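Data first, discussion second: the structure below is written as structure tokens.
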Amino acid sequence: MRAFETFPDSSRVWIYAAPRPLTQEEYEFICARLENFIDDWAAHGSKLAATFSVLHRRFIVVAVDERPQDASGCSIDACVHEIQAIGESLEIDFFNRLRVVYRDENNNLVVSCSIPELKEMIAEHDFPNDTPVFDNTIQNLGQLRNNWEIPAKKSWISKYLISPQI
């Protein structure tokens, strides 16, 4: 498996966020499972040029360089099922899209909250417009490297901000 950092910006990515930081044991479990999965991952009988990384002890990022072979619907489903199985084993929901993942007020910790909690923080002026949030809807590594963390006012969260001031 090639190192995550060596994959081109055009590589397709899927991001799965944990609702809390992963423990060392969970991190090791995820890495072991995904290394085995990636080693055998194929589309239409052809091995995929794939890799993964666990970023900020919070995100599983799977990347595929589709220049040699596109990921197929079945191969993508296989990856989703693997992440679901990992989540079930660890009792972690990596598929809750109703959580916002952002950096704390000191830009040190990666934290998350629910949409209702976000709305409450905004109402109490505890969520500044420039709070860095993670856009887990990005499609490729170039976007991950350059536009994954963006100010809340430039993200989908802006619709909840009192005055987004874009």
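Annotations
- Helices (runs of 4 or more DSSP H) lying entirely in region 49-166 (those with 2 or more residues that are closer than 16 Å to ALA18 by Cβ, touching a residue at least 40 places away in the same chain (Cβ under 8 Å) and among the aliphatic types (A, V, I, L, M)): 73-90
- Among (1) in the same structural domain as GLU25 (by TED's automatic domain parsing); (2) in contact with a strand residue (DSSP E or B) (Cβ under 9 Å, 6 or more places away or on another chain); (3) within 23 Å of THR6 (Cβ to Cβ), the one test that LEU141 misses: (1)
- Consider region 99-138 and keep the residues that are over 15 Å from SER158 (Cα atoms) and of a type in the set (A, V, I, L, M, F, W, C). The one that is surrounded by the fewest Cβ atoms within 10 Å (Cβ to Cβ) is LEU109.
The values are calculated or read from the model by the stated rules, or taken from the named source; none is laboratory data. The shown structure was predicted, so the numbers you read here are calculated from the model rather than taken from an experiment. Cβ: placed from backbone, ideal geometry, glycine included. Neighbour counts: every protein chain shown.
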